[in-house]
Amino acid sequence: MVGGIATEFVSVKERGENMAISYDVVVVGAGNAGLTAAAVTAKTGLKTLLLERHNIPGGSASSFRRGRFEFEPSLHEMAGYGSAENPGDVRNIFAELGVGVELLPVKDAFRAVITGPDGYDLVMPTGIGNFVRMLEQEVPGSAESVTNFFKLAGDVGMALGYLGKGKPDPQILQTEHLNFMKVASQPVSVVLNALNMPKKAQHILLTYWAYMGTPISEFAFALYSIMVHRYVDMKAYIPKMRSHEISLGLEKCIRDNGGEVWFNTEVVEFLIRDGRCYGVRTKDGLEIHARQVISNVIPHRVFGNMVDKAAIPVQELKRANARSVKFSAFCVYLGLSKSPEELGIKDYSVFISSTPDSDEQRRRMRTLDKNDFTIMNCLNIDNPGCSPDGTSILWATQLYETEAWEGVTPENYKATKNRLAKKAIEQYETAVGVKISDCIEEISIATPATFARYLDTPDGAIYAYHASGWDAMLPRIMTMRDEQWVQGLLFCGGHGTRTIGYSSTYINGYQTGQMAVLDLKGGH
Amino acid sequence: MANEVNLNLDPRTFMNIIPERRAAIEAAPDTPLPTDFPLNRLMRAFHPEHQHLVIEAVETHDGDAKSYTLVPDRENGTDSLAYFSAGQYVSVLLEIGGSKLYKPYSIRSSPADAQRRRYILTVKRSEGGFASPYILDTWKKGRRVTITGPEGNFTYEPLRDAKHIVGLAGGSGITPFYSLARAITDGTEDCDLTLLYGSRMADGILLKDEFDAVCAECGSVKVIHILSDESRSGFEHGFITAELIKKYAPAGDFSLFVCGPQAMYDFVDREINKLELPPRRVRHELFGQIGNPERYPGYPPDHVGKTFTLTVHIRAEQRQFSCSASESLLVALERAGIAALSRCRSGECGFCHSRLISGEVYIPPDKDKRREADEKYGYIHPCMSFPVSDVALELSMK
């Protein structure tokens, strides 16, 4: 029998400082990227430890139960997964790591209901040909520009493949990837105007922007175009057992390959000496050393709360101060006592707003009461077994800038969230003509404060740093190594190179894990 | 394929983005980053990890129960109390003999009281119980106690529930309803409450005077007392039956909220079924810890009274001890002095979520509230899992 168990009653501090344990790789945070990075390092045989402050993995990639319903907290649609015949990056990564999860395709792209004066209500299909045809039907004369949009998205994909091979040759970029050079860092709206795309077709094509939180006048074309291309060409996918299934699947890969995962273990300090991170310290006083530390924790938290002030490189402070982190979500999870058929619901996702203009939608997200951009998902449409017969799961999402919540106090918090939830439900009922408020069996409401509880990000941010202009995906990728100001410390997650979203963070975690492997095994 | 689309855009914008990035970073200040944020503070007002409190007053009730008024223990770092909704509970951290455990109690006082920096917990002695005798016998004025933040979903939700709540309460199950009644009288909640409250005798009804005061103050709260062991005028006699519920429930829409001991649920649920209410109109508070799993369907025969070996992996360490078939794995861990994390002790909240490395457990089917993928990946809630073989468990500790 072994004693000295770490509990809330018996602090590990009693063991003394000289009891530090060591690993090749310590990953802090079991979000999508942290899980994937740890799975990669464990699989290559590096002694890996993943630390997570919560009792389950995944961060937002999780699930929760109320009554006879199990809700998906955050994953609307995963891009880049693809079918078995035509696999995308994420399916390939999961296959390589041996993640045995079952994902289901989402049939349609989306339904957009714009209720204002220039309104429209249409269901957009998947498949590029279908998509272009439907748009041409709705906006005659749009077909050529929309076709060219998808061609450019393909060019971007090819150029990214080339850039991924190492330091690019400017000559080859100029000759082989000229269009990529022209469009990659431009805001989406600039490129669409250059393609002479009619305004209404732009609005419809841009419906997805809310998944990324950056309006189209700022969103760099490179990432937006490949995202839309993937959704339309490869369809989106959702896990059968909510995203908790993916998180547990990744956790299993870590364990199957000899890695360890410690839950309920909060890291309070990243240990940095002479510009090198050599380990972490846990809340219960355990010092864990590592040759490589990977942080799934946002740099704002790491350098704001978790590093000795004297050890923080000035450049890290400047970069963090130059960035903005201010976007979170409001979600209403509904378990309904009627089936989708009884209710007349046919669409998996409906995007509803009174204006089609993404800049205006974004401006309204700075206030609680003017924001009327709501995404409503019905999980049962593409995951029919997700709730008992005769019931359905609906789930409304709105994005907010955190400044919108400034006036919310503990005293008015519950009333505020109920007021906003009621408004979102009524908006959906009016926009699509489906009555849901009389069959709510379970309701749960998540606000930015809820995300702050489960993610511990600044103001409950779900999208890390605002990814536009100089801090979009491409500039992050191209400066990744130059900006590693603390040796032995890599960052992964939404604050990483690929920016935010499920597929981005899985891919970024995979690449970060590979970088760690390269650094530790590559002859350094 | 590439370059087929003609665009009048400048390719140099791509090359300029890196110098732009360097300039933006260089121009930013190197001031320290904020260490806290408004919405993280808002969150902590509801969900502190722990609250350190002092017992300010103890009140003794008829029926072998006491109320403890708890106020912040500033010396231990708690300055204010977490906000909550009427019907929520806190888990009290207890060390009894060699056992360390979290025991949930509904907050009996109103949410507005929390803003005035006090909670009241009312604890009734349960026969053969473990935590309640300890609390009643040892908690005195001035004692320091540690509790969790508020948890639980036994709350009135205006978007979901009927405006009129019919409460069915038995024994200590009365406490969340007192909080709700107070929240109605002070305007925190906007609903009506008709409470059918089962006790044995008229003397010794827990919180009777307190409820009489609430009803006198506010027409939205009505209480009907039902005595099982005594016939007396002004009281209903017997148990809470479908007929009684029909007699006192409003004519229109209402939601049934039920809170009491398991024996009451066993009886009352059959009565509720007769009313043929839609599932969304019937809500139960957590039923709490159970023992003797053989009473539940599907329990493998011949396991009653057996003892097994439980191996616990905590980080790189292992411990072994014996566990009884009749007790949950959580109780076995607590008996061994391991402060396993738990909250609801009813299989529902998932706080004790742990990985079953090997062995088999029995989980009462209607009390299996795990997430779907947990079963696929071998995760269990030890508070509602009973060993039916030797078991190895990986435990996450804090």
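I'm checking my understanding of the structure. Among residues of region A:161-181 that are hydrophobic (A, V, I, L, M, F, W, C) and in contact (Cβ under 8 Å) with a residue 24 or more places away in the chain, which one is farthest from A:Thr497 (Cα to Cα)? Quick ask: steps written out before the conclusion?
Keep residues of region A:161-181 that are hydrophobic (A, V, I, L, M, F, W, C), which gives A:163, A:172-173, A:178, A:180-181.
Pick out the ones that are also in contact (Cβ under 8 Å) with a residue 24 or more places away in the chain and you get A:163, A:180.
Numbers: A:Leu163: 13, A:Phe180: 18 Å.
Across region A:161-181, the extreme among qualifying residues is A:Phe180.
Working only within region B:60-75, note down all residues that are outside any strand (DSSP E or B) and free of Cβ contacts under 8 Å to residues at least 24 places away in the same chain.
Those that are outside any strand (DSSP E or B) and free of Cβ contacts under 8 Å to residues at least 24 places away in the same chain: B:Arg74, B:Glu75.
B:Gln51 meets each of the listed conditions (1) more than 7 Å from every other protein chain (Cβ to nearest Cβ); (2) closer than 30 Å to B:Ala86 by Cβ; (3) part of a helix (DSSP H, G or I) apart from (3). Please tell me if B:Leu356 is in the same structural domain as B:Ile314 (by TED's automatic domain parsing), crowded, with 21+ Cβ neighbours inside 10 Å and out of contact with any Pro (no Cβ under 7 Å at 6 or more places or on another chain). Answer is no for this residue. Evaluate the following for A:Ile172: is it more than 10 Å from every other protein chain (Cβ to nearest Cβ), part of a helix (DSSP H, G or I) and crowded, with 21+ Cβ neighbours inside 10 Å? Considered against the rule, which asks whether it is more than 10 Å from every other protein chain (Cβ to nearest Cβ), part of a helix (DSSP H, G or I) and crowded, with 21+ Cβ neighbours inside 10 Å, A:Ile172 comes out as no.
Counting only residues that are of a type outside the set (S, T, N, Q), within 12 Å of another protein chain (Cβ to nearest Cβ) and farther than 25 Å from B:Ser106 by Cβ, how many does region B:326-370 have? Looking only at that region, the number is 5.
Run down A:Tyr278, A:Tyr237, A:Tyr231 and say which single residue is within 30 Å of A:Gly45 (Cβ to Cβ) and aromatic (Phe, Trp, Tyr). I'd like the intermediate steps shown before the answer.
On the way: A:Tyr237 fails: within 30 Å of A:Gly45 (Cβ to Cβ); A:Tyr231 fails: within 30 Å of A:Gly45 (Cβ to Cβ).
Exactly one of A:Tyr278, A:Tyr237, A:Tyr231 is within 30 Å of A:Gly45 (Cβ to Cβ) and aromatic (Phe, Trp, Tyr), namely A:Tyr278.
Residues that are facing chain B (nearest Cβ under 7 Å) and of a type in the set (D, E, K, R) were ranked within region A:412-424; the one that is surrounded by the most Cβ atoms within 10 Å (Cβ to Cβ) is A:Lys414. Return yes when A:Pro448 is under 24 Å from the mean Cα position of the chain (by Cα) and at pLDDT below 95 and no when it is not. For A:Pro448, the condition - under 24 Å from the mean Cα position of the chain (by Cα) and at pLDDT below 95 - is not met.
Across region A:204-215, which residue is farthest from the other protein chains (Cβ to nearest Cβ) among those that are closer than 12 Å to A:Val146 by Cα and in a helix (DSSP H, G or I)?
Filtering region A:204-215 down to residues closer than 12 Å to A:Val146 by Cα leaves A:204-206.
Within this subset, residues satisfying the condition of being in a helix (DSSP H, G or I) are A:204-205.
Values: A:Ile204: 20, A:Leu205: 15 Å.
Only one residue fits best here, namely A:Ile204.
Name the residue, out of B:Arg182, B:Arg143, that is among the basic types (Lys, Arg), out of contact with any Leu (no Cβ under 9 Å at 6 or more places or on another chain) and farther than 29 Å from B:Leu227 by Cα.
Working: B:Arg182 fails: farther than 29 Å from B:Leu227 by Cα.
On inspection, the qualifying residue turns out to be B:Arg143.
Taking the condition small (Gly, Ala, Ser), part of a helix (DSSP H, G or I) and either in contact with a helix residue (DSSP H, G or I) (Cβ under 6 Å, 6 or more places away or on another chain) or surrounded by fewer than 24 Cβ atoms within 10 Å (Cβ to Cβ) (or both), does A:Ser225 pass? Show your work before the answer.
Details: small (Gly, Ala, Ser): yes; part of a helix (DSSP H, G or I): yes; either in contact with a helix residue (DSSP H, G or I) (Cβ under 6 Å, 6 or more places away or on another chain) or surrounded by fewer than 24 Cβ atoms within 10 Å (Cβ to Cβ) (or both): yes.
Yes: the conditions hold for A:Ser225.
Of all residues in region B:195-209, those that are surrounded by fewer than 18 Cβ atoms within 10 Å (Cβ to Cβ) and free of Cβ contacts under 8 Å to residues at least 40 places away in the same chain total 4. Screening the candidates B:Ile272, B:Ile290 for the property of being in a helix (DSSP H, G or I) and β-branched (Val, Ile, Thr) yields one hit, B:Ile272.
If only one of A:Ser328, A:Ser324 is assigned to a strand (DSSP E or B) and within 24 Å of A:Gly469 (Cα to Cα), which one is it? Among A:Ser328, A:Ser324, only A:Ser328 is assigned to a strand (DSSP E or B) and within 24 Å of A:Gly469 (Cα to Cα).
Consider region A:469-481 and keep the residues that are surrounded by fewer than 22 Cβ atoms within 10 Å (Cβ to Cβ) and more than 9 Å from chain B (Cβ to nearest Cβ). The one that is farthest from the chain's Cα centre (by Cα) is A:Arg481. In region B:266-283, the count of residues that are closer than 25 Å to B:Gly97 by Cβ and crowded, with 22+ Cβ neighbours inside 10 Å is zero. Condition check: under 20 Å from the mean Cα position of the chain (by Cα), farther than 19 Å from A:Pro125 by Cα and not assigned by TED's automatic domain parsing to the domain that holds A:Gln202. Does A:Val350 satisfy that? No, not satisfied.
Within region A:26-76, the set of residues being touching a residue at least 60 places away in the same chain (Cβ under 8 Å), over 20 Å from the mean Cα position of the chain (by Cα) and closer than 28 Å to A:Ala210 by Cα comprises A:Arg66, A:Phe69, A:Glu70. Just wondering, is there one or more residues in region A:425-446 that are surrounded by 22 or more Cβ atoms within 10 Å (Cβ to Cβ) and of a type in the set (S, T, N, Q)? Checked against the condition, which is being surrounded by 22 or more Cβ atoms within 10 Å (Cβ to Cβ) and of a type in the set (S, T, N, Q), region A:425-446 yields no hits at all.
Do we find that A:Asp389 is away from chain B (no Cβ under 13 Å), acidic (Asp, Glu) and surrounded by fewer than 21 Cβ atoms within 10 Å (Cβ to Cβ) in this structure? The answer is no for A:Asp389. Within the option set A:Val268, A:Val261, being among the aliphatic types (A, V, I, L, M) and at the interface with chain B (Cβ under 10 Å from one of its Cβ atoms) holds for one residue only, A:Val261.
Okay, residues lined up against (1) surrounded by 16 or more Cβ atoms within 10 Å (Cβ to Cβ); (2) more than 26 Å from A:Asp372 (Cβ to Cβ):
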site	(1), (2)
A:Val113	yes, no
A:Gly129	no, yes
A:Met134	yes, no
A:Val139	yes, no
A:Ser145	yes, yes
A:Phe150	yes, yes
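Within region A:443-452, the set of residues being farther than 14 Å from A:Val297 by Cα and facing chain B (nearest Cβ under 7 Å) comprises A:Ile443, A:Pro448, A:Ala449. In region B:311-318, the condition of being more than 10 Å from every other protein chain (Cβ to nearest Cβ) and touching a helix residue (DSSP H, G or I) at 6+ places or on another chain (Cβ under 8 Å) is met by no residue.
Would you list the strands (runs of 3 or more DSSP E) that sit entirely within region B:80-195 and hold 2 or more residues that are touching a His at 6+ places or on another chain (Cβ under 7 Å) and under 27 Å from B:Ile290 (Cβ atoms)? Explain how you work it out, then say what you get.
Numbers: elements: B:89-96, B:99-106, B:119-124, B:144-148, B:164-170.
Counting at least 2 such residues, we get B:144-148.
The values are calculated or read from the model by the stated rules, or taken from the named source; none is laboratory data. This is a predicted model, so every value here is computed, not measured. Note that each Cβ is placed from the backbone with ideal geometry, even for glycine, and that neighbours are counted across all protein chains shown.
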